[in-house]
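Here's the structure, in structure tokens; my notes come after.
The values are calculated or read from the model by the stated rules, or taken from the named source; none is laboratory data. This one's a predicted model, so the numbers in the text were calculated from it and none came from an experiment. All Cβ positions, glycine included, derive from the backbone under ideal geometry; neighbour counts span all protein chains shown.
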Amino acid sequence: MRVLIAPDKFAGTLTAVQAAEAIATGWRRQSPHDDLDLAPMADGGPGFVDVLHAALGGELSAVTVSGPHGASVPAVVLRVAGTAYVESAQAVGPHLVDGDAETASSRGVGELVLAAVEGGARTVVVGLGGSGTNDGGAGLLAALGATSDGTLDRGAAGLASVSEVDLAGARERLAGVTLVAASDVDNPLTGLFGATKTYGPQKGVGEDRIAEVDGWLEGFAAATDRRTSLEKGAGAAGGIGYALLVLGATREPGIGFVTDAVSLAERARRADLVVTGEGAFDFSSRAGKVPYGVAGVASEALRPCIALAGQVLVGSREMRALGIESAYSVVELVGEERAFAAPAEALADLAQRVARTWSR
């Protein structure tokens, strides 16, 4: 039996590569003669560069960039021919925010893009997701040479004094470079469904601060490109999507980008069963998450798709609406304590049990 194993990361415990290996380990215990094809996945968030490196090869270059509050943080640029891939979470992930969320800057992402361009890339793909910033991408623009009558690299709070922005310097630095924003987030920059209202609270923006912070981003949009701020994806990664769009980037779905890069459709057609997974499988998985994307590919290939997850938080009806035949929970099998203490072993145990049902 041929089994395609294509999970996302299990946030906080396992990378996508580690999750795929853990599932394969458990599956082999039960069905050692099955042919397993491992295809770790990502949607543009954490793990984006690692997954593409595993699939495409290329050269990884270590760089040092500014974290959300100015401290130096390590990151990498993946170069494959004339294309460079970078990941915003490496520079501005929530784990790097060590101060007020309202002053967290996206400058480091701009420095990543600049490092890619200075390294000779003619196309730069920026994976968006897992951001701890909410500054509309102002810090990114500042790193690339944009100027203003206020402060662009002090987070959303710095935008309170901004009324004019000159993007000429940034555009000049990127002349001849194609930018791609890899994200599945459809939110605009501001408003009821914007970056601040939707994602601000999980980044540390207080509920009582949302209106004012969103107002700062409104003013920033008015000073740069109000129309672009309303486009789908402008609110991705706290507005880094907006900054990239303002600089002429095209937007491609992160999961679709990775799916194409790893030739997932072709591999699914060769499989008898597709296995995906993530840390928490819930109905939000439909919003561009890996399991929904993998299930769609499996459906087109007329192959069944199942999910292994840390927790399963949907019923059978919702599960099938997401294209998943069955979903299985690590926490239900081994308990929450062991699921977090030994995540790879626990996931392998779950995979072994699931193989009893699904392997021939």
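Of these, R122, R107, R79, which one is basic (K, R), in contact (Cβ under 8 Å) with a residue 12 or more places away in the chain, assigned by TED's automatic domain parsing to the domain that holds L179 and buried (at least 22 other Cβ atoms within 10 Å of the Cβ)?
Among R122, R107, R79, only R107 is basic (K, R), in contact (Cβ under 8 Å) with a residue 12 or more places away in the chain, assigned by TED's automatic domain parsing to the domain that holds L179 and buried (at least 22 other Cβ atoms within 10 Å of the Cβ).
Could you count how many residues in region 288-330 are of a type in the set (K, R) and surrounded by fewer than 18 Cβ atoms within 10 Å (Cβ to Cβ)?
Of the residues in region 288-330, 2 are of a type in the set (K, R) and surrounded by fewer than 18 Cβ atoms within 10 Å (Cβ to Cβ).
Check R303 against each of (1) modelled with pLDDT of 95 or more; (2) in a strand (DSSP E or B) and name the one condition it does not meet.
(2)
Does any residue in region 51-64 that is assigned to a loop (DSSP other than H, G, I, E, B) come within less than 9 Å, Cβ to Cβ, of a residue that is surrounded by fewer than 14 Cβ atoms within 10 Å (Cβ to Cβ) six or more places away or on a different chain, and which pairs are these?
From residues that are assigned to a loop (DSSP other than H, G, I, E, B), the pairs are G58/A81.
List the number of the failed condition for L141; all other conditions in (1) touching a strand residue (DSSP E or B) at 6+ places or on another chain (Cβ under 8 Å); (2) in a helix (DSSP H, G or I); (3) farther than 30 Å from D260 by Cα hold.
(3)
Test G238 against the criterion of being part of a helix (DSSP H, G or I), touching a helix residue (DSSP H, G or I) at 6+ places or on another chain (Cβ under 7 Å) and at pLDDT 95 or above, and give yes or no.
Here the answer is yes, as G238 does meet what is asked.
Could you identify the single residue in A91, A42 that is more than 18 Å from A142 (Cβ to Cβ) and small (G, A, S)?
On inspection, the qualifying residue turns out to be A42.
Restricting to region 81-107, name every residue that is in a helix (DSSP H, G or I) and more than 19 Å from the chain's Cα centre (by Cα).
A101, E102, T103
Would you check which residues across region 17-43 are among the small types (G, A, S) and either part of a strand (DSSP E or B) or in contact (Cβ under 8 Å) with a residue 40 or more places away in the chain (or both) and list them?
Once the filter is applied, which keeps residues that are among the small types (G, A, S) and either part of a strand (DSSP E or B) or in contact (Cβ under 8 Å) with a residue 40 or more places away in the chain (or both), region 17-43 yields A19, A22, A24, G26, S31, A39, A42.
From G70, G110, which residue is in a helix (DSSP H, G or I) and more than 14 Å from V49 (Cα to Cα)?
Working: G70 fails: in a helix (DSSP H, G or I).
One residue alone meets the criteria, G110.
Within the set of pairs 6 or more residues apart or between chains, which connect a residue that is assigned by TED's automatic domain parsing to the domain that holds T15 and surrounded by 20 or more Cβ atoms within 10 Å (Cβ to Cβ) inside region 331-359 to a residue that is part of a loop (DSSP other than H, G, I, E, B) and modelled with pLDDT under 95 with Cβ atoms less than 7 Å apart?
From residues that are assigned by TED's automatic domain parsing to the domain that holds T15 and surrounded by 20 or more Cβ atoms within 10 Å (Cβ to Cβ), the pairs are P343/T13.
Please work out which one of (1) closer than 21 Å to G26 by Cα; (2) more than 26 Å from the chain's Cα centre (by Cα) is the condition V331 fails and give its number.
Among (1) closer than 21 Å to G26 by Cα; (2) more than 26 Å from the chain's Cα centre (by Cα), V331 violates only (2).
Given the residues G194, G169, G127, which is the only one that is under 19 Å from P68 (Cα atoms) and either in the same structural domain as G110 (by TED's automatic domain parsing) or modelled with pLDDT of 95 or more (or both)?
Result: G127 is the single residue among G194, G169, G127 that is under 19 Å from P68 (Cα atoms) and either in the same structural domain as G110 (by TED's automatic domain parsing) or modelled with pLDDT of 95 or more (or both).
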